[in-house]
Amino acid sequence: MSQMQRAADVLRRSKKIVFFSGAGISAESGIPTFRDKLTGLWAKHDPQRLETADAFEENPALVWGWYLWRRHQVSGAKPNPAHLCIPRFQDAGWEVSVITQNIDDLHERAGSLDVVHVHGSLMDAKCFACHRPGELTPDQLRVAEEGQLIEPPRCDHCNARLRPGVVWFREKLPEDAWRSAVRRVRECDLLISVGTSGVVMPAAGIPEMALAAGAAVIHVNLEEVGLVGADEIMLKGSAGVVLPALLRAAGAEAIPDHHSC
Ligand code: BJW
Ligand code: ZN
């Protein structure tokens, strides 16, 4: 039996599915993954050096400019067949949640209804000092040129700088989001992990948490990932091809055809 047939069997036996996504699911929308090298004016920067609280303290205008530029890059991107396919599992009768490490909003724009962001969101800002959420005016969201230095706006409450509402290394994940994610993982029958290298903890522990709770796990990735359990299945390929194929293999092709999935 092929891996796809095994996966389709598991899917047919499942009721509650969690999609656990990483940067690879947005790659086909033109959003670079973390393994991709930066291009253009950003090429001289190491993303790992821009995505830390230390970098923000050292050069807030560089880091704020980098996130505004990424926000515009995401605004101009469209959900791809992988994002668009996930709500179709919902339409076909499965109970679906999405837990994403991504800070883009492509799952929401594709129509997924239950999306948990464990690493925060590019669309949010918060105070670097008092952590209160910050509101940005349209002027503060003006299109950033690549590599542009932009001084961050100030917090209305304490006048410290606003920072992106994302989770940097050595920062705790938002408690509510993490709690919601863990609950969904413990309750699901099947977890489908899509486009993540599985190295950044604690989110990288989610597939093993699902296995330990008795769920099956399907990995969708361009690269083989190391399987540790008998209930794990690897579907190698691009997410935008594999997810629609999985939906069809599970016999859900009866739902109305959609041009993008
Ligand atoms: C395709 C495809 C296609 C491509 N189709 N597939 C041990 C235990 C616990 C913690 C640690 C630990 N050791 C170290 C830590 C600390 C650290 C950590 O895990 N470091 C590791 C590198 C070792 N973790 C943290 O710091 C976390 N906080 C924490 O643990 O707090 C407690 C603590 C406090 C004090 C001290 C220590 C701990 C926070 C992690 C925050 C992660 N933040 C980022 C940046 C977000 C903001 C931003 O974007 O700017 O989140 S880092 C980055 O990595 C981003 C991602 O969400 C995350 C995961 O990356 P992802 O999504 O997997 O992307 P890639 O690029 O790695 O992989 C893409 C994959 O897609 C590849 O496999 C491709 O093959 C595939 N692909 N195209 C299918 N078309
Ligand atoms: Zn403040």
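The values are calculated or read from the model by the stated rules, or taken from the named source; none is laboratory data. Just so it is clear, the structure is predicted and the values come from calculations on it, not from any experiment. Note: ideal-geometry Cβ built from the backbone for every residue, glycine included; neighbour counts use all protein chains shown. With ligands, DNA and RNA removed, areas are computed over all heavy atoms of the protein, side chains included. Shrake-Rupley method; radii C 1.70, N 1.55, O 1.52, S 1.80 Å.
Observations
- J(HN,Hα) series, the stretch 150-163, from Karplus relation 6.51 cos²θ - 1.76 cosθ + 1.60, nearest Hz, glycine and proline x: 10, 5, x, x, 9, 6, 5, 8, 10, 6, 6, 6, 7, 10
- The residues neighbouring S121, those whose beta-carbon lies less than 11 Å from its own, together hold a net charge of -2 under the Lys/Arg +1, Asp/Glu -1 convention.
- Subset of K126/K172; K78/K236; K78/K172; K15/K78 violating a 26 Å alpha-carbon distance limit: K78/K172; K15/K78
- For the stretch 56-138, the pair-distance distribution built from all alpha carbon pairs, in bins 10 Å wide starting at 0, is 16, 40, 28, 13, 3 percent.
- Element breakdown for the stretch 1-103 at a 1.4 angstrom probe: carbon and sulfur atoms account for 51% of the accessible area.
- Angle of helix 3-13 to the longest C-alpha principal axis of the chain, folded into 0 to 90 degrees and rounded to 10: 90°.
- The chain: translational diffusion in µm²/s, Stokes-Einstein, Kirkwood Rh over Cα pairs, 4 °C, 1.567 mPa s: 67 µm²/s
- Residues of type aspartates and glutamates that K16 reaches as a straight line, Cα spacing below 20 Å, ignoring anything fewer than 8 places off in the same chain: D91, E95, E108, D114, E187, D189, E208, D231, E232, E253
- Here the Karplus curve 6.51 cos²θ - 1.76 cosθ + 1.60, taken at θ = phi - 60°, turns the phi angles of the stretch 201-214 into couplings of 7, x, 4, 4, x, 4, x, 5, 5, 5, 4, 5, 8, x Hz, with x standing for Gly and Pro.
- If both residues of a DSSP beta bridge must be in the chain, then about 25% of such bridges are antiparallel.
- The residues of the chain present an accessible area of 49 Å² per residue when probed at 1.4 Å with all protein chains retained.
- Taking trypsin sites (Lys or Arg not before Pro) across the stretch 158-202, the ones in a DSSP loop with at most 15 further Cβ atoms lying within 10 angstrom of their Cβ are R170, K172.
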